[in-house]
Amino acid sequence: MAAGYAAIANNGEYIEPTFYTKVVDSAGNTVLEPQQEKRRVISEQNAYIVKSILQEPVKKGTATYCAISGMDVAAKTGTTDESKDRWLCGFTPYYAAACWFGYDNPEEVVWSGTNPAGQIWDAVMTDIHKGLEKATFIRPDGLVEQVVCRNTGCTATTGCSNSYKEIFTPDNLPGKCQGHGSQTICSESGKLATEYCSQYVEVKSSGYGGVVPKEKLNLWKTIGSSNSTGSGVPKVDGICPIHTAPKIVDLPVENTPTNTNSNNTNTNTNTNTNVNNSTNNTSTNTNTNSGNTNTNTNTNSNNSTNNNASSNTNTNNATTNN
């Protein structure tokens, strides 16, 4: 038990306990020293948080008689079922100690006044700290402060009237308090108002309280006190289903004809003219639809004149001289 508390005092490093510091011979030579195992079991930040928690019993709890002038002291009392065991375990920046008070064959420890284990612990620790310089627990880097709701243990909101500051490691920050807050209610639906409710009916803003979150999950049951987070109406779930955003109606699109054929007239006229040596051939094709007339005329003119004159003259003059 002393080694467990010492691990917290040593900033999260566990050191295997031993019953001796060293063995020396008659000449004063060291012949044996313990080989104590050391290992980290929790982070330095978490060790400091536990230190701060364990200071509370000494400051204003069940171990106020264990306070040592000029020293930070962390301590915790303990009592088993039917008071068969009494404990006081704790430490300072210098020493850790654990004290048990009971019987070899367990029976109720009857004692008037202060816890007997605590009285022994206080007497020994006060004596061995005489003459030592004042000392405090040093806070390490890497801790975050948050304002916490005392009723729920969650990060306080503006609706939390009972709050205090607490330290946390960055990976273990509490969620936002769900036990207190402000809500705006629609008078018609009784649900959380939308931005449209006030256009039709009255809306009302009010604070709310509720059941402590872990009580609500039945993780534990409060004994002898209320499990409510405070006064105010219960928290309302759900959004008003009556007053919502107006629906956008799609208007029908009017169809306007862009082409009208009933009054259109198309006239196609094709004219082909072939002229061959003063001979013209013309062909005309016409298509008519009443209304508009389009005329296309194609004229081909081929004027070709062929004059072929062929004159061959053969003259044979033969003179024979015999």
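The values are calculated or read from the model by the stated rules, or taken from the named source; none is laboratory data. Just so you know, these numbers come straight off a predicted model, no measurement behind them. Every residue, glycine as well, gets a Cβ built from its backbone with ideal geometry; the counts of neighbours run over all protein chains shown.
Data table
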{"item": "Matching entry among K59, K51 (being at pLDDT 95 or above and surrounded by 14 or more Cβ atoms within 10 Å (Cβ to Cβ))", "result": "K51"}
{"item": "Subset of the range 65-86 that is surrounded by 13 or more Cβ atoms within 10 Å (Cβ to Cβ) and among the β-branched types (V, I, T) - its residue that is farthest from the chain's Cα centre (by Cα)", "result": "I68"}
{"item": "Checklist (1) more than 18 Å from A6 (Cβ to Cβ); (2) over 42 Å from the mean Cα position of the chain (by Cα); (3) part of a loop (DSSP other than H, G, I, E, B); (4) modelled with pLDDT of 95 or more applied to R139, failing item", "result": "(2)"}
{"item": "Residue match in the range 128-135 (condition: surrounded by 12 or more Cβ atoms within 10 Å (Cβ to Cβ), of a type in the set (G, A, S) and not assigned by TED's automatic domain parsing to the domain that holds V58)", "result": "yes"}
{"item": "Yes/no for A3 being over 22 Å from Q119 (Cβ atoms) and at pLDDT 95 or above", "result": "yes"}
{"item": "Residues located in the range 196-211, provided they are under 30 Å from the mean Cα position of the chain (by Cα) and modelled with pLDDT of 65 or more", "result": "Y196, S205, S206, G207, Y208, G209"}
{"item": "Test: residue in the range 89-99 that is surrounded by fewer than 18 Cβ atoms within 10 Å (Cβ to Cβ) and within 48 Å of the chain's Cα centre (by Cα)", "result": "yes"}
{"item": "Residues of the range 159-180 classified as under 14 Å from G207 (Cβ atoms) and surrounded by fewer than 18 Cβ atoms within 10 Å (Cβ to Cβ), total", "result": "2"}
{"item": "The range 180-199 residues that are farther than 29 Å from C154 by Cα, paired with ones that are among the aromatic types (F, W, Y) and outside any strand (DSSP E or B) (beta carbon under 9 Å, 6 or more apart)", "result": "E188/Y200"}
{"item": "Subset of the range 181-198 (residues that are surrounded by 13 or more Cβ atoms within 10 Å (Cβ to Cβ) and of a type in the set (D, E, K, R))", "result": "E188, K191"}
